Every structure is written in structure tokens, then in C-alpha cells.
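Derivation of every value follows stated rules applied to the coordinates shown; laboratory data play no part. Every value quoted in this text rests on a predicted model; they were computed, and no experiment measured them. When we count neighbours, we look across all protein chains shown, and the Cβ atoms used for this are built from the backbone with ideal geometry, even at glycine.
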Amino acid sequence: MFDLPRNPDVFLNWTWDDIAPYYADLQARELNAGTLDEWLADWSSLDEHVFEIYARLYVATTLDTADKEAEGRYKSFLENVLPNVQLAEQELKRKLLESGLRPANFDLPLKRMEAQVRIFRTENIPLLVEERHLTNEYNKITGAQTVEWEGEERTLPQMRPLLEEPDRQTRERAWRLMMERQLADREALNELWQKLLDVRVRQAQNAGFATYRDFRWQAMARFDYTPEDCRTFHKAIEAVVVPAARRLYERRRQLLGVESLRPWDLDVDPEGRPPLRPFATEEDFTETAGRIFHSVDERLGGYFDIMRSEGYLDLANRKGKAPGGYCMTYPVTRRPFIFMNAVGLQDDVRTLMHEAGHAFHSFEAMALPYVHQREVGMEFAEVASMAMELLSSPYWRQDAGGFYGPADYARARIEHLESIVRFWPYMAVVDAFQHWVYENPDEARDPAACDATWGALWDRFMQGVDWSGLEEFKVTGWHRKLHIFEIPLYYVEYGLAQLGAVQVWNNALKDQAEAVRRYRAALALGGTRSLPELYATAGAAFAFDVETMRRAVDLIETQLEHLYAQLAPVA
């Protein structure tokens, strides 16, 4: 039985020479029914250590994109350790599969391993390393984007509050300044894109796949749905959600009293009220969030207390920090880590609720004995996060320990629910764009063709906002979606999960405690069940169809009408 160190300070600097003997030991051992449990436990422990090294080195590069030492350590791991790990892992997967042994509660992990063994090619290892280097370059380019505003250098996330200002000229000036700064990196991002696409196409060709999309489908273990299901989902969004979004945009246009709705009109309060500023300091932010999570569920609140007290939160925006937000699990330490770029907006509240859902998923699944059982399809992992946004929302009120008084609470809920409706069409743009890219890689190598395709999809799904005169900004929107560069074909998960999360929320409107109980039960299953089974455990259907989407949108619009009425002036 391996006796591996638990302190990351001890193993964080391991080289391949430190790791290799453990893989050799596992490969050399006899594997039979009597030795299976110990062999799997040791493999799982070794996997946990390797992944935690990777995770901590990656996190360091995002905390400060200008940190050359952190970048160098991460690159060294990618080049000198990870390729050897991937080869060794492949041999252990093959060893287990060839043994014919079927560990308990391991059917789905075995199915994933079979797919991974089937598509694995040694010649793809350096290409995967190159791809990771290129995606890190995307973070460097976007993380360095700053502008000058009234004599002060600001990051682009720090500019976002200006888009909520009541003065329309201020909003437009801020929006254009941000877009111009992003457009300044157009050539650099186009060049980076061409390199990424080439690397990905070569991976698929090496593995004998007609397209990278088909290759990636297997790599992502998408066993429960097909590309055609995605197209069905796009059509459901077009039929049901696009008209609903148009209704929201028209309501906003009328309230603002403008001739047409422009991109800088989407975040401001449509009735001229001051922007929501739910918190002033990071301490206030985390303390209030902790109270909310305890209200949702005492055990979940306890998880957040652990993260807060032990330093597993980095929430505030600062110069040089990579964009976006994520939750990363450190499996040896048994702790998740949340990274985000908070600047004091309502959107920050949602982001923390979202990432905390991922963290709670990590905590709940840790009881499973093997790391292989904790690998969850993102189609359900995002239910964990999106459902937490909705399950936590009753407790955002100050009288429940949250951020908002009654009127601001209604406004925050309206922003949240409207954003769900507005999101689905955007998701369809991102997903349909990526299907086009990987079905037509020769055409997609031309950034102008990418611009044209993105623009056409935008016009199909994103109706109700006037982009006239802003076409350059519109068609380069794919540059501003990090998933396209960093996590190929990963975005439909958000749309599917949002539909699942709304169903969980519908249950909570009838019985909050029971909905939370079912939610936690599903999280605890980790990656040991299919997507339909995980959704069903959580109280939802894994669906792509018009009728399921229509029920979700009807629910949201009904709830929005109640909230609008709470803000209506008293006669």
C-alpha cells in the first residue's frame, strides 16, 4: 500500500523521476480479485497527487498572469511530467480493462476508460502539451487587457460597473473603450486561433477520426447524447427562447424610452434606479455568502466555512489576474478552490453561488473511494452550480441574512431570471459556432470566415438588440469567449444544465427542503451514473425538446411577472 505524503508542500515539486516508480509498481503488480481493491486505491491516490500538482501549478498562473516563475513551473510540468503520466495512465487503464475485473460501482468509469484507450495515440501527447501552452497564451493576452478611464488604469472587469450607470453616454463610452481594447488584440488572437485549430485537427487525424468534433465527443465521454441532439436543442431554443428574449428586450427598450436597444443598454436598471451594489469588501461578500449557504443547508454552509477559514477563496479582481471564474478541486488536500474576479456587482453574487455549487459537488463526491468515480460529466456538474444559484436565491434578502432589501432583492431576482432567458440563445451561438468550426476546419482556419459565421449565428439567435454600426465588435465576439479557445466544444453543457437547474428550482418552489435533499443525493453519486440517472436523482429530466424548454420558460416568465409587480409603483 502506497504511503504518499499528504502535504502539498512536500509533493508539489515532484519531478517525473519522483513519480515514475509508483507507476512502475502498479504496472508490475499482479492484478486479480484479491488484489483489486488495494491496487485501485493506490492508483487513485497516485492520480490524486498528480492532479493536485497540475491544479496548483495551473491556479498559480491564473492568479498572476505576469508571474514568470509560476508560468515556468507550469510549463515544465506540462512538458516534462504530464506526457509521461499520460503514457503510464494509459497502460494502467489497459491493464484493468484486460483483467476483465469489474469493481463495484465502477461501470461508468470503466466505460470512460474504454473510450480513452480507444482514442489514445502516443503521437498526440506533444500536441496536447502544445495545446495547453497555447491556451495559456490566451489567458496572458486577455489578462493583460487594461484601459485608461479618467486618468486611472483599469482592467476590463473593473470597467463593468460603468455599464450599469444611468447616464447612457457614460455607458456607451465605457463599452466602446472596452471593445476597442479587445479589438486591438484581434490579430494576435486570430494567429493564436489558427495554431490551436491546427493542433486539434492533427489530434483527430492521428486517432483516425473524420473530424475533431467526433474525436472530442469521445474524449469528453459524451455517451448520452449526439451532435444531432445539440441541433435539436438549438431549434428548441430558437422556437421558444428567442421570442421570450425578444419580449424581455422590448420591455427593457420601452422602460428606457429609447428608439432601439443598444449593447450598452443591457446591464443598466431600465427604470433609472442606482446600480445594485450588493457588497463593498471581499470580507462582506464572503461573510454574507456564508450565511446564505447555511440557510440553504447547514452541511453546505459548513463546507463554505472550511474554504473561507482555510484560504481556498480568491475572489477579488486585480490587475494581471486571468479572466473568468472557476472551481478547482485539490483531491489530496480534499478541498476545492474558488477563483473569480469580483468587482462589487450582482453578477458577482451569482458567480460565487455558481462556483460554490461546484465546490459542494466536490465535497459531496469525496466520499466515493476512487478518484475515477468522482469524474462527473460537465452536463451534470453544471447542474450542481446553476441549481445552487436558484436554490440560494430565496436567501439573498437581508431579512434572510443576504445582500438585499426588498426592492433590491426583487431587482436582483429579475436580473437573474432574465439573464437565464438571455443566456440560452447565446449558448446556442457558441455551441453552433463550434460545431461549424470542427465540421469545416479548412474554412475555419480563415478568421474572416469565423467572423462571418459568428455574425450569422448572432443574427439568428440574438434578436432584439441593435448592433448597427458595431459590426466589427459583433463578428469578433468569438474572441471574447474563452471556452472556444481553451475548452473546445464545451458550452452546450451550460445550456443543458440550465434546463436541468430550472427543473430543480421548480421542485424547490413546491418544497425547498426536499429539492435540496435530492440535489445533494445526486451530487454524492459523483460520476457513477449516467446523465439521465443523475438528472432524475436530482428531480429533473435530461432533455433537448421544445416542450421541456417551453415549461421552463413559462415558469421563468410567470415568476418574472410576480417580481415586476413587486416593483410597480403604488397608485
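First check a/c for the chain, with a ≥ b ≥ c the square roots of the eigenvalues of its C-alpha gyration tensor; if it is under 1.5, answer rounded, and if not, answer prolate when a/b is larger than b/c or oblate otherwise. Cα axes put the chain in the prolate bin. Stretching the chain fully between A33 and H483 yields a gain of 157.8 nm (0.36 nm per residue, less the alpha carbon separation). Sparse packing (at most 16 other Cβ atoms within 10 Å of the Cβ) combined with a DSSP loop state is found for the following chymotrypsin sites (Phe, Trp or Tyr not before Pro) in region 205-312: F223.
Once a ≥ b ≥ c are taken as the square roots of the eigenvalues of the Cα gyration tensor of region 201-352, is the result rounded (a/c under 1.5), prolate (a/b larger than b/c) or oblate (a/b not larger than b/c)? Since a/c reaches 1.5 but b/c is at least a/b, the shape of region 201-352 is classed as oblate. Applied to region 438-448, the Karplus parametrisation 6.51 cos²θ - 1.76 cosθ + 1.60 on θ = phi - 60° returns per-residue 3J(HN,Hα) values of 7, 7, 10, x, 5, 5, 6, 5, 8, x, 5 Hz, with x for Gly and Pro.
With θ taken as phi - 60° and the Karplus curve 6.51 cos²θ - 1.76 cosθ + 1.60 applied, the whole-hertz 3J(HN,Hα) list for region 22-33 is 5, 5, 4, 4, 5, 5, 7, 5, 6, 10, 8, 4 Hz, x standing for glycine and proline. Restricting region 117-192 to chymotrypsin sites (Phe, Trp or Tyr not before Pro) that sit in a DSSP loop and have at most 10 other Cβ atoms within 10 Å of their own Cβ leaves nothing. Summarising the amide proton neighbourhood of V465: residues at separation of 5 or more, or on other chains, whose placed amide H is nearer than 5 Å comprise an empty set. Sorting W14, W458 from the fewest to the most surrounding beta carbons within 10 angstrom yields W14, W458. Normalising the average separation of contacting C-alpha pairs (under 8 angstrom, six or more residues apart) by the number of residues puts the relative contact order of region 294-364 at 30 percent. Based on Cα contacts under 8 Å between residues 6+ apart, region 8-103 shows a relative contact order of 42 percent. Each stretch of four or more DSSP H residues adds -39500 (n - 2.57); spread over every residue of the chain, this sum gives -20500 deg cm²/dmol at 222 nm.
Size descriptor for region 8-103, Kirkwood hydrodynamic radius: 14.6 Å (Cα pairs only, one decimal). The amide H of A540, built 1.01 Å from its N in the peptide plane, has no neighbour under 5 Å, considering only residues 5 or more places off or on other chains. Full extension of the chain segment joining A280 with W16 gains 90.5 nm, where the gain is 0.36 nm per residue of separation less the Cα-Cα distance.
Each peptide in 406-419, 28-41 gets a packing score, the mean of other Cβ atoms within 10 Å over its residues, and the list from highest to lowest is 406-419, 28-41.
Shape class for region 113-246: oblate, because the ratio a/c of the largest to smallest gyration tensor axis (alpha-carbon atoms, square roots of eigenvalues) is 1.5 or more and b/c is at least a/b. The aspartates and glutamates within cross-link reach of K95, meaning a Cα-to-Cα straight distance under 12 Å and a gap of 8 or more places when in the same chain, are E30, E114.
Here's how it looks for Y404: its modeled amide H is under 5 Å from those of R397, Q398, which are all 5 or more places away or on a different chain. Place a point 7 Å from the Cα of E472 along the Cα-to-Cβ direction; which residues of region 169-185 have their backbone N under 20 Å from it? Answer for region 169-185: 172-185. Computed on the Cα atoms alone, the convex hull of region 317-431 gives a volume of 137 cubic angstrom per residue. Whole-Hz Karplus ³J(HN,Hα) for region 154-171, in order, using 6.51 cos²θ - 1.76 cosθ + 1.60 and θ = phi - 60°, x for Gly and Pro? Those phi angles translate into 10, 6, 5, x, 5, 7, 4, x, 5, 6, 9, 5, x, 6, 5, 5, 4, 4 Hz. Would you please give the FRET efficiency between D167 and H133, computed as 1/(1 + (r/R0)^6) with r the Cβ-Cβ distance and R0 = 45 Å, to the nearest 0.05? Efficiency computed from Cβ-Cβ geometry: 0.55. In this simple spin-label model, placing a label point 7 Å from the Cα along the Cα-to-Cβ direction at both D446 and E375 gives a separation of 3.9 nm.
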